[in-house]
Amino acid sequence: MNILVLGSGAREHSIVHSLSKSPSVHKIIACPGNMGMADIALCKRLPFKDNLDLIRHCRDKIELAVVGSSKFVEEGTVDALVLAGIPVIGPAEDAGKIETSKAFAAKFIARHKIPAPLTTIVVNEKEIDEAFNHNPGIRVAKCDGFSRGAGVLISDNADQAKEAAKRLLRENGAPVILQEILYGVECSYSILTDGQQWISFSSSRDYKRARDNETGPTTGGMGSVSPSPDLTPELENRIIEEIVQPVVNGMKHDNLLYRGFLSIQLMLTSNGPRVLEFNARLGDPETQSILTRFRGDLACLLKDCAMGCLTSVGSEVAFGKHSAVSVVLAREGYPESEIADPIIEKLENIKESYVYYSSCKKSEDSNRMKFRSGRLISITAIGETTELARAKCYQDISGLVLDKVHYRRDIGA
Ligand code: GLY
């Protein structure tokens, strides 16, 4: 099988790594990929101008396409590939709105009675005032789509929250989504679905703040563990019954074609699990720990899913009982001021962990990697327990020579 993986980050590197172990894979083309994965994939900056151009390059050469980021869902790349007859892991654009439009997700959640924070969608300042009169507990304001700055504002009191909502409305336009704040621990639950059947892709926890003990600014993710240490078998059953099954049924009911990964971001509250948001893909850096645990034939599973004939046989076996911990090494200053030119040396000292690279290339004058992004590499280890995986991961990191790099010391602790 020839497989196209679209994307260039550490998530895509771990997808390529897992695919490369499948006996059915002939060639993996990563577009654009990065030099960290160049030994297992043909990294090609294909000269395509648009989606039509991309499918012209892929037709008759690619038997499965896997999209990492939801950018390819929103830009219609998935739809174009499907129209060209190429099986794709990634939802159609209208189904992908479950991530790309928070108003769409809120309406979907309400329509299918999925447990979530109390939510109101507003389109003008008058409606914002009315929403706060009706529910003074509102503390969260979100803009509808992707935003360059902060698209989700969490406030300490109602006055601040109202001001934040009005600011989002002015800066990003309508609608704005208002929510009560929930307390508990966050957990992500991922599935692979072909729109009819689904299988679990396990749970994980993403560490979003830049510094230890959940301090510092919010980042794209500084590390992850899988499975989530906070998920009991009873809670998992509730998530499946109250959330996963209604979401898959809801997609079917609404005639939305969803083939691919869906990650459900949850708050585990004292009243049970509640949906915070959906990701129409696997998360980064959650993928790094989830896929490092995966032991099945990923390529065959994804092909079956993309063809609409997923079966659940063997998925529990494929994840087993091991845990994985993934620590992101980030550029000094990330996420606020990424000016430093980081150095990571002595990677050959890594004995027990997997190294997944973010967007990077080899520098012209040496073998050293030049990084383009704030997050640089994810060091990921697996063990019989989270503690063992964590110990291996940090042991390997301690053998590196790092300059202008920061990372959290408490991932999985
Ligand atoms: N780790 C969060 C995300 O992928 O959006």
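Remarks
- Check on residue 39, under 14 Å from residue 2 (Cα atoms) and open to solvent by 40 Å² or more (accessible area, probe 1.4 Å): no
- The set of residues in region 132-163 being over 26 Å from the mean Cα position of the chain (by Cα) and either of a type in the set (A, V, I, L, M, F, W, C) or under 19 Å from residue 104 (Cα atoms) (or both) consists of 132, 138, 158, 161.
- If you go through region 218-245 and keep only what is open to solvent by less than 30 Å² (accessible area, probe 1.4 Å) and touching a Lys or Arg at 6+ places or on another chain (Cβ under 8 Å), you end up with 219, 221, 222, 223, 224, 225, 226, 228.
- Failed item, numbered, when residue 258 is tested on (1) part of a loop (DSSP other than H, G, I, E, B); (2) away from the ligand (no atom under 13 Å from the Cβ); (3) surrounded by fewer than 22 Cβ atoms within 10 Å (Cβ to Cβ): (3)
- Breaking point among (1) of a type in the set (A, V, I, L, M); (2) open to solvent by less than 10 Å² (accessible area, probe 1.4 Å); (3) in a strand (DSSP E or B), for residue 81: (3)
- Hits in region 1-51 - residues which are among the small types (Gly, Ala, Ser), outside any loop (DSSP other than H, G, I, E, B) and out of contact with any strand residue (DSSP E or B) (no Cβ under 9 Å at 6 or more places or on another chain): 18
- Considering region 305-413, the qualifying strands (runs of 3 or more DSSP E), each wholly inside and each with 2 or more residues that are open to solvent by less than 20 Å² (accessible area, probe 1.4 Å) and out of contact with any Gly (no Cβ under 9 Å at 6 or more places or on another chain), run over 375-383.
- Close pairs (8 angstrom Cβ cut-off, 6 or more residues apart or separate chains): closer than 10 Å to residue 84 by Cα in region 53-72, assigned to a loop (DSSP other than H, G, I, E, B) and modelled with pLDDT of 90 or more anywhere: 55/84; 55/86; 58/84; 58/86; 59/84; 59/85; 59/86
- Members of region 140-163 found to be crowded, with 19+ Cβ neighbours inside 10 Å, out of contact with any Gly (no Cβ under 8 Å at 6 or more places or on another chain) and part of a strand (DSSP E or B), listed by number: 140, 141, 153
- Test: residue in region 267-286 that is part of a helix (DSSP H, G or I) and either buried (at least 21 other Cβ atoms within 10 Å of the Cβ) or in contact with a Lys or Arg (Cβ under 8 Å, 6 or more places away or on another chain) (or both): yes
- Pair list, Cβ under 6 Å, 6 or more apart: region 272-289 residue more than 6 Å from the ligand (Cβ to nearest atom), other residue among the acidic types (Asp, Glu): 278/99; 280/99
The values are calculated or read from the model by the stated rules, or taken from the named source; none is laboratory data. Computed from a prediction, not measured in an experiment: that's the story for all the values here. Using ideal geometry, Cβ is built from the backbone for each residue, glycine included, and neighbour counts are taken over all protein chains shown. We work out accessible area using only protein heavy atoms, side chains counted, and drop any ligands, DNA or RNA first. Shrake-Rupley method; radii C 1.70, N 1.55, O 1.52, S 1.80 Å.
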